[in-house]
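The values are calculated or read from the model by the stated rules, or taken from the named source; none is laboratory data. Everything quoted here is computed from the prediction, not taken from an experiment. Virtual Cβ from ideal backbone geometry, glycine too; neighbours counted across all protein chains shown.
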Amino acid sequence: MTDAVQSPVVIVGRSTQGGLVELTRADRLLMASAALVTISTVLPGFLVGALSVQVQDDFGITEATYGWGTASFFIAATAGSSFLGKVAQRIGPRKQVSISVFVSVLAQLALACFGSSFGVMLACLSVCGLTNAANQTGINLLLTRAQLPRLGLAIALKQSGMPTASMLAGLGVPLIALTVGWRWAYVASAVFGAASIVWLRRTVAPVGPMAAPSSGADTTTPGRTLATAAVAFGFLAAGAGSLVSWLVASAVDAGMGEGRAGLLLSAGALCGVIVRLSWGVRLDTMALRPFRIAAVLCLIGAIGIALLAVRSPGLHVGATVVAFGAGWIWPVFTNFGIVRANQAAAAAASGVTQTGVYVGIVVAPLASGWLIENQGYPTMWLVTAACMLIGALITLRVADDF
């Protein structure tokens, strides 16, 4: 690579402990910023699933129609992911992340103030989805360009933003939606986003665009391999998307109260955060291929998702822990493998694979909503578990490339 702009975090004078390089204060601030902005733009999409019962009652729509709520968010993300990954390489990650979070804040406030119909809600969520695509690729580039000595931990912390957003979405049901109304949940999310922008601008130094690799290739990993990974991620994301979109409604259908169902989503997401961070602490020193670990955990997670087919509130609790604790951990390992193999073009490479993720999450709520309406929750959960199984097997095929 030639003419590369220097990272805002310079690796000098670092000490080691236990064989690992210690993180500086600048490293920690950068990693915290990445986690906060990750939460801020993905939270609107997760709120759609958590607030499903309240929004459906308000607009008088069915599960199949409501599936377009989550789908609109991720359709927009799918459309923009690859292109916006290349844009981040040109304009610099800090600028792209800042703009994307700011636009997301405006879209959420518009939804809260003017969301008088489901159509308006879909339009606002589409804007939020596009900003999420820009944000995710920008953050990946920001982390790799910082030359962090604990890249695995940084990726784990950033990816923990996803279940953290899901946890916050679940808490929004009993604390906000059932007290002052579901629209205020989006106001709270917008405030969180605004705070994350301030934090980012105060803790991360400006850094300009990065030149392409000297070989002239967009990414180090061959495009065909990235495409295969994207297909695998599509199936895995379909499992995760259905889990986040319908867990609350499924628990209510099984006999659990609305408030407790929201707390169940939060508890499952918290479990996911803890497990992601636990793996992240060890990821930089592990000899195992990250894609292999992801595949094995997804096989276990598929069992948890399948158990959700049983109409029992008690079993929903145990199955949720397994589904989140194993079935929604794979992004830590897959993102680590991708950015480690493509550090000069992390945004471009992750833009390709994230497209598969978004396609899976787009299809999931639409297909699962139709299955719920026509076949019921048990069939939907079994089909979702099968998707995760297929995704795990494809992930194993490309494990040696990462």
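Points to keep in mind about this one:
- Residue selected from the range 230-272 under the condition surrounded by fewer than 24 Cβ atoms within 10 Å (Cβ to Cβ), among the hydrophobic types (A, V, I, L, M, F, W, C) and touching a Phe, Trp or Tyr at 6+ places or on another chain (Cβ under 9 Å), by the criterion farthest from residue 329 (Cα to Cα): 254
- The condition of being of a type outside the set (S, T, N, Q) and in contact with a helix residue (DSSP H, G or I) (Cβ under 6 Å, 6 or more places away or on another chain) does not hold for residue 376.
- Every residue from the range 157-173 that is part of a helix (DSSP H, G or I) and of a type in the set (Gly, Ala, Ser): 161, 165, 166, 169, 170, 172
- Selected residue (criterion: farthest from residue 173 (Cα to Cα)) from residues of the range 199-229 that are surrounded by fewer than 23 Cβ atoms within 10 Å (Cβ to Cβ) and at pLDDT 85 or above: 224
- Scanning the range 52-75 for residues that are buried (at least 24 other Cβ atoms within 10 Å of the Cβ) and aliphatic (A, V, I, L, M) gives a single hit, 71.
Okay, residues lined up against (1) in contact (Cβ under 8 Å) with a residue 60 or more places away in the chain; (2) surrounded by fewer than 18 Cβ atoms within 10 Å (Cβ to Cβ); (3) among the aromatic types (Phe, Trp, Tyr):
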| position | (1), (2), (3) |
| --- | --- |
| 281 | yes, yes, no |
| 320 | yes, no, no |
| 330 | yes, no, yes |
| 335 | yes, no, no |
| 339 | yes, no, no |
| 357 | yes, no, no |
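- Among residues of the range 368-402 being free of Cβ contacts under 8 Å to residues at least 40 places away in the same chain and among the aliphatic types (A, V, I, L, M), the one that is farthest from residue 239 (Cα to Cα) is 371.
A quick yes/no check of all residues on (1) surrounded by fewer than 24 Cβ atoms within 10 Å (Cβ to Cβ); (2) touching a Gly at 6+ places or on another chain (Cβ under 8 Å):
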residue	(1), (2)
117	yes, no
120	yes, no
128	no, yes
142	no, no
158	no, no
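- Residue match in the range 103-121 (condition: farther than 20 Å from residue 165 by Cβ and either in contact with a strand residue (DSSP E or B) (Cβ under 7 Å, 6 or more places away or on another chain) or aromatic (Phe, Trp, Tyr) (or both)): yes
- One residue stands out in the range 277-336 among those that are assigned to a helix (DSSP H, G or I) and aromatic (Phe, Trp, Tyr): the one that is farthest from residue 250 (Cα to Cα), namely 336.
- Test: residue 164 is under 20 Å from the mean Cα position of the chain (by Cα), touching a residue at least 24 places away in the same chain (Cβ under 8 Å) and within 21 Å of residue 273 (Cα to Cα): yes
- Hits in the range 15-41 - residues which are modelled with pLDDT under 80, hydrophobic (A, V, I, L, M, F, W, C) and either more than 29 Å from residue 165 (Cβ to Cβ) or in contact with a helix residue (DSSP H, G or I) (Cβ under 6 Å, 6 or more places away or on another chain) (or both): 21
To keep it simple, each residue is scored yes or no on (1) in contact with a Pro (Cβ under 8 Å, 6 or more places away or on another chain); (2) part of a helix (DSSP H, G or I); (3) surrounded by fewer than 24 Cβ atoms within 10 Å (Cβ to Cβ).
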site	(1), (2), (3)
138	yes, yes, no
155	no, yes, no
176	no, yes, yes
184	no, yes, yes
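- Residue check, residue 133 part of a helix (DSSP H, G or I), touching a Pro at 6+ places or on another chain (Cβ under 6 Å) and at negative phi: no
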